[in-house]
Amino acid sequence: MTAFELPDDAFAVVGTDTGVGKTVVTAGLVGALREAGYDACAIKPAQTGYPPDDDAAFVADICGTEAAATCLRRLEPALAPEVAADVAGVELEYESIREETAEHLATHEIGVLEGIGGLRVPLADGREVIDLVSDLGIPAVVVARSGLGTLNHTALSVSALRNRGIDVPAVVLNEYEGESLAARTNPDVLAEMTDCPVVTLPPLSVEDGSSVVDGVHAHVLAGDID
């Protein structure tokens, strides 16, 4: 039995902000799915801050194969994709991103779209990350910080997704250690605020691929994958 009902088709992993751990959760989920025999692949529509940031490469490294992830666009400025493209003088078209993302998701048994920053991050042509998830018609797992301040950001993110008709199968509180009163109370409070399963993921060693995959499997999925 899983901690939440894992989508059996394409889904997204989105964040309440940048740096909350979307890529670690994405890598762990894709790795666990691949270990269970699924053709699972992470799709990053756009990577900014490249190099050194390369989320698709991280997922592939954790999963031990380049087949586990792909990136559609890479931009050097560490900014929102639309802003980074403008600064770099690069053309970035939303419809092209949407079409290519949909094609890659459909190519695999389970495609996992990894978001960029938070939901309202400008993607291209005045469209945002949340627009892409909505247009693709896929559910979205929300990754959030565990400590003080996460209630507001997470509840607003879940509400924004649901207002667009996007199903939210779960919220993952990343790097959970329960050291503060806020951290210890946040899971139950968020579950009540959002009426959504809330799972906690402790800090994982990103130097060890099996640690990430096994950790996400044990704490986020909490059981075998059917």
Breaking point among (1) open to solvent by 40 Å² or more (accessible area, probe 1.4 Å); (2) acidic (D, E); (3) within 20 Å of T16 (Cβ to Cβ); (4) assigned to a helix (DSSP H, G or I), for D131: (1)
In region 89-108, the residues that are open to solvent by less than 50 Å² (accessible area, probe 1.4 Å) and in a helix (DSSP H, G or I): Y94, S96, I97, T101, A102, L105
Residue within region 2-22 that is in a helix (DSSP H, G or I) and closer than 25 Å to A160 by Cβ present: yes
Residue count, region 187-226 (criterion: outside any loop (DSSP other than H, G, I, E, B) and farther than 15 Å from G31 by Cβ): 11
Lone qualifier among V112, V25 - being assigned to a helix (DSSP H, G or I) and within 21 Å of L201 (Cβ to Cβ): V25
Residue among T101, T107 that is touching a residue at least 12 places away in the same chain (Cβ under 8 Å), out of contact with any helix residue (DSSP H, G or I) (no Cβ under 6 Å at 6 or more places or on another chain) and more than 29 Å from E207 (Cα to Cα): T107
Contacts under 8 angstrom Cβ, first residue in region 73-90 being of a type in the set (V, I, T), partner assigned to a strand (DSSP E or B), 6 or more apart: V83/P122; V90/L75
Pair list, Cβ < 6 Å and 6+ apart or interchain, from region 189-208 residues that are among the hydroxyl-bearing types (S, T, Y) to residues that are in a helix (DSSP H, G or I) and modelled with pLDDT of 95 or more: T194/A155; T194/V158; T200/P187; S205/S211
Some residue of region 136-151 being part of a helix (DSSP H, G or I) and closer than 20 Å to R98 by Cα: yes
Residue ID - nearest to F4 (Cα to Cα), chosen from residues in region 152-168 that are open to solvent by 20 Å² or more (accessible area, probe 1.4 Å) and not in a helix (DSSP H, G or I): D167
Residue tally, condition within 14 Å of H104 (Cα to Cα), outside any helix (DSSP H, G or I) and open to solvent by 10 Å² or more (accessible area, probe 1.4 Å), over region 45-79: 5
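The values are calculated or read from the model by the stated rules, or taken from the named source; none is laboratory data. Computed from a prediction, not measured in an experiment: that's the story for all the values here. Counting neighbours? That spans all protein chains shown, and the Cβs are built from the backbone with ideal geometry, glycine included. Note: accessible area is taken over every heavy atom of the protein model, side chains too, but ligands, DNA and RNA are not part of it. Shrake-Rupley method; radii C 1.70, N 1.55, O 1.52, S 1.80 Å.
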